[in-house]
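J.: Can you read through this structure? Questions will come right after.
None of the figures in this text is laboratory data; all of them are computed from the coordinates on show. Computed from a prediction, not measured in an experiment: that's the story for all the values here. For neighbour counting, all protein chains shown are included, and Cβ atoms are generated from backbone atoms with ideal geometry for every residue, glycine included.
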Amino acid sequence: MPLPSTPLSDLREAADELVRLGQGFYQRGWMLGTSGNLSSVLTRAGEGSVRLAITASSIEKGRMRTDQILEVDENGRASNQERGRPSAETRVHLEVVRMAGAGAVLHTHSVWGTALSDYHGDAGGFWIEGYEMLKGLDGVTTHEHREWLPIVENTQDMTLLAERARSVLAATPRPHGFLVRLHGLYTWGVDLSTAARHVEILEFLLEAVGRRRMMEPSR
């Protein structure tokens, strides 16, 4: 039995927050042009039923409008198709929501995330450790934490990309995010505020790791 439509006030509230975040991420160089996508869970019910507010496909994040935030069901179908098509990566968002119990999923395309996803791509990921900023991740209480950031190979087949995301989430203990090779970062949280904090923390760490790597002497 399908879920009833989300109250319009809830969708508007989610849209306001997603637009605010998208514009802020654009200003920080994390979602330039039409890159990236953002989502927030609106409702959950039994047997995997969920409704998600998500950015429409191919929109410029620096000029986002609330009418470009769509509501989709657990199959990625938009409740109002006249407002546009959901992001092509909706399947990946839904997989993260299912596997990680996320209340929001945010996907950025920073320079550092893109570069490191290729640099470490053959290794399937890399460790981040020793940075005080790690304590901004949920459940992390010390800078001595070691965070494994997995990397999955990119593909234009969104069903396959969602399957790869599912495999990474199943194989990684308590992950906070993953990179898609030559693409960008996915992170999430129990709510939109936590997910946004994880973007800030992980993007900082990606830049710190990348800059530190550039300081190493050539071999």
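J.: For the chain, modelled as a Gaussian network with Cα springs under 10 Å, which listed residue fluctuates most, 177, 24, 130?
T.: Of the options given, 130 has the highest mean-square fluctuation.
J.: Between region 87-107 and region 149-219, what is the separation of their alpha carbon centroids in Å?
T.: When both Cα centres are located, 13 Å separates them.
J.: When the chain is treated as a GNM, springs tying every alpha-carbon pair under 10 Å, which of 15, 208, 115 comes out with the largest mean-square fluctuation?
T.: Of the options given, 208 has the highest mean-square fluctuation.
J.: I need the peptides 168-174, 66-72, 50-56 ranked by packing, meaning the mean over residues of other C-beta atoms within 10 angstrom, with the highest value on top.
T.: Top of the packing list down: 50-56, 66-72, 168-174.
J.: Also, quick follow-up: Normalising by the residue count of region 61-128, find the relative contact order in percent from Cα pairs under 8 Å and 6+ residues apart.
T.: The normalised contact order for region 61-128 reaches 16 percent.
J.: Could you run the Karplus curve 6.51 cos²θ - 1.76 cosθ + 1.60 with θ = phi - 60° over region 88-93 and give me ³J(HN,Hα) per residue in whole Hz, x for Gly and Pro?
T.: Computed from phi, the couplings for region 88-93 are 4, 9, 4, 4, 5, 4 Hz.
J.: Further question: Hey, what did region 42-161 get for relative contact order, percent, Cα under 8 Å, at least 6 apart?
T.: Numbers: 141 pairs, mean separation 19.7, N = 120.
Relative contact order for region 42-161 comes out at 16 percent.
J.: Working from the alpha-carbon coordinates of the chain, get Rg over Rh, Rh being the Kirkwood radius. Present the calculation step by step, with values, prior to reporting the outcome.
T.: On the way: Rg = 16.9 Å, Rh = 17.5 Å.
Computed over Cα atoms, the ratio is 0.97.
J.: Which ³J(HN,Hα) values in Hz, rounded to whole numbers, follow from the phi angles of region 192-205 under the Karplus curve 6.51 cos²θ - 1.76 cosθ + 1.60, where θ = phi - 60° and Gly and Pro get x?
T.: Per residue, the Karplus-derived 3J(HN,Hα) values read 5, 4, 5, 4, 5, 5, 5, 4, 4, 5, 5, 5, 4, 5 Hz.
J.: Just the C-alpha atoms of region 63-161: what Rg/Rh do they give, with Rh taken as the Kirkwood radius?
T.: My calculation puts Rg/Rh at 1.03.
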